[in-house]
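This report refers to the structure that appears directly beneath it.
The values are calculated or read from the model by the stated rules, or taken from the named source; none is laboratory data. Quick caveat: nothing in here was measured; it's all calculated off a predicted structure. Neighbour counts run over all protein chains shown; Cβ positions are idealised from the backbone, glycine included. These area figures cover heavy atoms from the full protein model, side chains too; ligands, DNA and RNA do not enter into them. Shrake-Rupley method; radii C 1.70, N 1.55, O 1.52, S 1.80 Å.
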Amino acid sequence: MSDDAPDAAATAAPVTMVPSHVRLTYTVTAGRHLSSYLRALADRRIVGGRCPVCTKVYLPARGACPTCGVPADQPVEVADRGTVTTFCVIRIPFEAAPFPPPYVAVAILLDGADMPIFHLVRGIAPEEARMGMRVQARWVADDQLGPTLASIRWFELSGEPDAAYETYANHL
Amino acid sequence: MRDVAIIAFAQLPAVRRDTEREEVELVQPVVTAALAQAGLDRRDVGFTISGSCDYLLGRPFSFVAALDAVAPWPPIAESHVEMDGAWALYEAWARLQCGDVDTALIYAYGKSSLGELPDVLVQQLDPYYLAPLGADAISLAALQARALLDSGRADERRLAAVAARSRRAAAANPCAQRRSRREVDELLAEPYLVAPLRKHDCPPISDGACAVVLAAGDVARRLVPRPAWIRGIDHRIEPHQLGHRDLTRSPSTAEAAARAGAGPDAAPFDLVELHAPFSHQELILRDALGLPTDDGTADGIDDGDGGDGPAINPSGGALAANPMMVAGLTRLGEAAARLMAGDGRRALAHATSGPCLQQNLVCVLETDGGAP
Ligand SMILES: [Zn+2]
């Protein structure tokens, strides 16, 4: 090493960044329980799983009921309509947004289920959104059905009167 | 120190690619089986801890998704290590030393098949000097194997003998993945994968899960007839930078063994379960543990053809099945299960983590000798 090396090191600009690109590719396994739910959606049906111990119906079926630790896997078909248990109004645009804001995202307790699913409600003004609204699935056309929750385009008001709070109070 | 024992062990058969089960579906059956062996209800478990790695599954907080299997509602006392489950067992053992809880459940799961395992393992290296080179686990192990061969303390035939013995043992283990018997000469006729390693010197890529139950003192004695007592347990780590280590030696294993009561003057073991994912690593570990690498038979190669000394990896070891984050805890579980079944009274179990045996855990297990 030459004598002037320390000086060179002292005057060189500090290294402030090292580019280190990482790309990892995965093929995810949905698993038996989620697969049963996804396959049913391709068939225009909504199928959950009942826990054999506490009898709760989960959507999707689960590899284990978090209260009982046993698979919640007894197949139960639930309705494609239900009650909005909570909601929010999205007013901020973002890249993956399905619609231009504002629009309404909701948790829906489908009739026959004990766990709400998350989806969107269309056809109402954001200021009309409320807990207890009764809503109905609007499915995609038959040739667009697939093993995905996107088989349901959105939910719309069903025309039924709002559900009483007590009917969904234990499912919030 | 409080007496703590392994009282149950359950595992899934390791497979190359489990396309049926996601995390919770891997964990639920082994947790259920281990608790049933221990005669415990989920509600009776004092402390729960898991070992897994989100990089393997490609999603953050995958261990939280797996928690459903242990029924975490109402809330339970729970912890997690982003490491092999053997280190989760260590934390559980330390937790039981506090004295306020008597039982612990440990589980580990890994699905290496979801990603490209060599690429994933690069991410455990330092991000400046090694990771950008894409130094994959097999190439690093091959560097270590080359150093060992060059030291004159091993040759390729001895590596093949380790692999042949692993396969012979694995044939009797229904949870092992690589179970076909192969003879040493056959193995040596195979081409190199990454010289000097052949395919049989390297572990299979495996999906799997296992669970262990620990219990303290009289609770352990009440629950099972023959608890596998943890007489000593310790783990040590070496520098992250591979260039700072003598890759042909494992001083961290020797140090952990000395502190766990498996040092040079320790009483002999009936069986030993070593977590050596690569054949040459078994020889390095045996050297560090003072276990002869030569079983005293005529050919001088320990290939299970008799001789003195403890049975090494009667399960087949990590060469036969290597679910990441699981294979280390499996060594402790396999050793304990054999003692609980009456196949010996004293066992040494070892787990490793990181590239080229960077971290090592040693556990000494003993039974009181009651009827199995
Ligand atoms: Zn339940």
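Before moving on, here are some points about what is shown:
- The protein assembly as shown: C-alpha gyration tensor shape, a/c 1.5 cut-off, then a/b vs b/c: prolate
- Accessible area buried between chains A and B, both sides summed, probe 1.4 Å, in Å² to nearest 100: 1900 Å²
- Farthest toward positive dipole pole in the protein assembly as shown [+1 Lys/Arg, -1 Asp/Glu at C-beta], among A:159, A:110, B:106: A:159
- Two-site FRET efficiency, residue B:77 against residue A:156, from Cβ-Cβ distance with R₀ of 60 Å, rounded to 0.05: 0.85
- List of the stretch B:50-90 residues, accessible area with partners at least 50 Å² below that of the chain alone (1.4 Å probe): B:68
- Prolate/oblate/rounded call for the stretch B:205-266, Cα gyration tensor, a/c under 1.5 rounded: oblate
- Take chain B and mark each of the chymotrypsin sites (Phe, Trp or Tyr not before Pro) that is in a DSSP loop with at most 11 other Cβ atoms within 10 Å; the longest unmarked stretch, sites excluded, is B:129-372.
- Relative contact order of chain B, taken over Cα pairs closer than 8 Å and 6 or more residues apart, is 25 percent.
- Translational diffusion coefficient (Stokes-Einstein; Kirkwood radius from C-alpha pairs) of chain B at 37 °C, 0.692 mPa s, in µm²/s: 161 µm²/s
- Taking the centroid of alpha carbons for each part, the stretch A:53-122 and the stretch A:150-164 are 13 Å apart.
- Whole-Å distance, taken between Cα centres, linking the stretch B:231-256 and the stretch B:119-158: 16 Å
- Antiparallel %, DSSP beta bridges [both residues in chain B], to 5: 70 percent
- The Cα center of the stretch B:39-94 and the Cα center of the stretch B:1-30 differ in position by 11 Å.
- Cα-based shape type of the stretch A:25-78, given that a ≥ b ≥ c are square roots of the gyration tensor eigenvalues and the cut on a/c is 1.5: oblate
- Against the main long axis of the alpha-carbon atoms of chain A, helix A:32-41 sits at an angle near 60°.
- Residue list for the stretch B:199-221, given a label point 7 angstrom along the Cα-to-Cβ vector of residue B:19 and an amide N cut-off under 16 Å: B:207
- List A:119, B:280, ordered by accessible area with a 1.4 Å probe, largest first: A:119, B:280
- The residues of the protein assembly as shown expose, per residue, 44 Å² of accessible area to a 1.4 Å probe.
- Beta-bridge orientation, the protein assembly as shown: approximately 80 percent antiparallel, per DSSP, counting only bridges with both partners inside.
- Overall shape of the stretch A:79-172 was characterised from the C-alpha gyration tensor. The equivalent ellipsoid obtained from it has semi-axes of 21, 17, 12 Å, in decreasing order.
- Expected 222 nm ellipticity per residue - DSSP helices of 4 or more, -39500 (n - 2.57), all of the protein assembly as shown, to 500: -7500 deg cm²/dmol
- Shown are A:153, B:245, A:91, whose ranking by accessible area with a 1.4 Å probe and every protein chain present, most to least, is A:91, A:153, B:245.
- Portion, in percent, of the accessible area of the stretch B:88-136 that falls on carbon or sulfur, probe 1.4 Å: 53 percent
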